[in-house]
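Derivation of every value follows stated rules applied to the coordinates shown; laboratory data play no part. These figures come from a predicted structure and were not determined experimentally. As a convention, Cβ positions derive from the backbone with ideal geometry for all residues, glycine included, and neighbour counts pool all protein chains shown.
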Amino acid sequence: MGNKIVVVGINHAGTSAIRTLLSQSKDHELVAFDRNDNISFLGCGIALSVSGVVETVKDLFYSDCNELESLGAEVHMSTEVVKIDIDKKEVTARELTTGIERVVGYDKLIYAAGSWPIDFNVENKDLENIYVCKLFQHAVTLIEKANEPEIESVAVVGAGYIGIELAEAYHLKGKKVTLIDLQDRVVPAYFDTEFTDRLQSDIKKAGVELVLGARLTGYVGDEDGNVKQIVTDRGSFDADLVIQCVGFRPNTELLPTAEKLKNGSIKVDSTMQTSIPDVYAIGDSAAMIHAVTGTHRHVALATNAVKGGVVVASQINGVDAVRLENVSGTNAICVFDNKLASTGLSETAAKDAGLNVVSSYYLDNDRPEFMNATEEVGVKLVFERDSLRLVGAQIGSYGETSHTECIFYLSLAIQKKMTLTELAMTDVYFLPHFNKPFNFIISAILQALGLNYMKKA
Ligand SMILES: Cc1cc2nc3c(=O)[nH]c(=O)nc-3n(C[C@H](O)[C@H](O)[C@H](O)COP(=O)(O)OP(=O)(O)OC[C@H]3O[C@@H](n4cnc5c(N)ncnc54)[C@H](O)[C@@H]3O)c2cc1C
């Protein structure tokens, strides 16, 4: 006999949970709600659609209600869950078009309500042409704006990966782009200066105005109510279009008694169970155990969202071996000819977390110099001074080839708490077409261990 399961939120986390649950077992009665009118939209393709690399933004969906219904789910779109009663084990959901409310009971609740972009409460924030970037609906607008000749200048607030991708996309569309961030570096959460200095230099070389260490204070509009300038404490900049990309806040108000981190994300264990019985949280709403610190961290990535869905479904279906013991926050970005990937904590983040770490940065040609083409690759390893446990890795690949996927095994090493001495003996291949006898990752490890004869002087 199956469970009565309610799923709140049907984007990446919710879709993954429903697909897995109903693929593994048809016994459940599953009711799912989403306040949006579409599911499974890949936001990672928004910037690619703005620049025109992705020609059809509708190709960024990988599932729909019909698929979930054909698996046996009862799906209610444009329906917002407005209340969760954890004592009665009931949710109240309101159809947004009619206002009709329904109450549905559950044995197990999967909370996958995700996150929403952080907004600024600054002067003139309600002017036209100021947007955030998350949904399909945002994508449609941002693509339209990219093709409007009247939009000559674009300001992007927030130089995280979404902000930089959008800055590049509008730059490729011929707009005058200003990229603004409060921090003094781009992507500071993921990469150290060895990578961000080079990226910043390439952003500026391309002609994008990069304004770092600047606080947004407001906007100036024209007589029609359209934004015309963005104002910061480091000056004002032309902006016919503004996109605010300064991070995401978890949508977790519906579960006020769940144990949470300061930013509101809900703490879960390796089975995605929250502190409330029979309530699971997955995706951007959840904070999972971080492999490096062993404490909860909010790592809002689609990769964790879909894995969380597989885990919660497997757990409900009694497949206990499927767990997510920890996450290492593996991520990548491909912008302005910089192919970057990182995992674990950057050196800055590790020190901020109170770890006693040292690091080693290794830059070399990827292939032997006797080959007719070589490309630069940089590897940074962050490790504990005493134990030599790897706690972070960053890779920069500067050429046609991408070496960023090597980050996968370093991510596994971090998840499995491996040391540099163990990693140095990893059985990696050598082939001149791809790498050197001492592969750049192994060389980086050996350099970190004090052996530094691999590279040509
Ligand atoms: C522009 C952009 C680019 C990105 N690129 C990458 C990338 O390259 N790689 C990567 O790993 N991650 C990327 N991400 C992050 C990734 O998209 C998120 O981690 C992922 O969307 C999280 O999925 P989720 O299902 O947990 O949450 P969400 O995507 O936030 O979905 C939550 C769903 O819940 C619904 N909901 C919320 N509240 C309610 C309610 N009360 N009632 C009913 N429904 C509700 C929402 O409508 C929504 O459909 C990107 C994000 C953006 C915005």
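For this structure, a couple of remarks:
- Number of Lys pairs (Cα under 24 Å; 8 or more positions apart or on different chains) in the range 337-448: 8
- Neighbour counts of other Cβ atoms within 10 Å put 132, 268 in the fewest-to-most order 132, 268.
- Close Lys pairs in the range 119-244 (alpha-carbon distance under 21 Å; sequence gap of 8 or more, or different chains): 18.
- Overall form of the range 337-448: prolate. Here a/c, set by the Cα gyration tensor axes a ≥ b ≥ c, is 1.5 or more, and a/b is the larger of a/b and b/c.
- Short-range pairs are left out: with C-alpha atoms under 8 Å and at least six residues apart, the relative contact order of the chain is 13 percent.
- For residue 58, a cut-off of 17 angstrom between C-alpha atoms picks up these aspartates and glutamates, skipping any fewer than 8 places away in its own chain: 37, 67, 144.
- A straight chain from residue 87 to residue 70 at 0.36 nm per residue would run longer than the Cα-Cα distance by 3.0 nm.
- For the peptides 21-33, 420-432, 65-77, residues were scored by their other Cβ atoms within 10 Å and the scores averaged per peptide; the highest-first order is 21-33, 65-77, 420-432.
- Average projection, convex hull of the Cα set of the chain: 24.2 square nanometres.
- Stretched out straight at 0.36 nm per residue, the stretch from residue 370 to residue 37 would grow longer than its current Cα-Cα span by 114.2 nm.
- Per-residue HN-Hα couplings for the range 94-109 [Karplus 6.51, -1.76, 1.60; θ = phi - 60°; Hz; x = Gly/Pro]: 10, 5, 6, 7, 9, x, 5, 10, 9, 10, 10, x, 9, 8, 10, 10
- Theoretical FRET efficiency, 1/(1+(r/R0)^6), r = Cβ-Cβ of residue 150 and residue 206, R0 22 Å, to 0.05: 0.40
- Coupling constants for the range 377-391 follow from the phi torsions by the Karplus curve (6.51 cos²θ - 1.76 cosθ + 1.60, θ = phi - 60°), and in residue order they are 9, x, 10, 10, 10, 10, 9, 5, 4, 8, 8, 6, 5, 6, 10 Hz; glycine and proline get x.
- In this label model, residue 269 and residue 351 are separated by 3.7 nm, measuring between points 7 Å along each Cα→Cβ vector.
- Cβ-Cβ FRET estimate between residue 97 and residue 183, R0 fixed at 41 Å, reported to 0.05: 0.50
- Here the gap between residue 141 and residue 358, fully extended at 0.36 nm per residue and compared with their Cα-Cα distance, gives a gain of 73.6 nm.
- Distance distribution P(r), the range 270-421, all Cα-Cα pairs, bin width 5 angstrom from 0: 2, 9, 16, 18, 16, 14, 11, 7, 4, 2, 1, 0, 0 percent.
- Förster radius 51 Å - calculated FRET efficiency between residue 253 and residue 430 (Cβ-Cβ, nearest 0.05): 0.40
- Residues 97, 374, sorted so that the one with the fewest Cβ neighbours within 10 Å comes first: 97, 374
- Annotation: amide H-H contacts under 5 Å for residue 229 (H modelled 1.01 Å from N, sequence separation of 5 or more, or interchain): 220, 239.
- The range 119-244, relative contact order in percent, only Cα pairs under 8 angstrom and at least six apart counted: 34
- Here the Karplus relation 6.51 cos²θ - 1.76 cosθ + 1.60, evaluated at θ = phi - 60°, turns the backbone of the range 289-300 into coupling constants of 6, 8, 4, 7, 8, x, 10, 5, 9, 9, 10, 8 Hz, with x for every Gly and Pro.
- Taking 83, 417 and counting other C-beta atoms within 10 Å, the order from fewest to most: 83, 417
- Distribution of pairwise C-alpha distances over the range 119-244, 5 Å bins, in %: 2, 11, 23, 25, 21, 13, 5, 1, 0, 0
- Residues with amide H under 5 Å from that of residue 4, placed H, sequence gap 5 or more: 29, 107, 108
- Bridgeable lysines around residue 88 (alpha carbons under 26 Å apart, same-chain partners fewer than 8 residues away excluded): 4, 26, 108, 260, 267.
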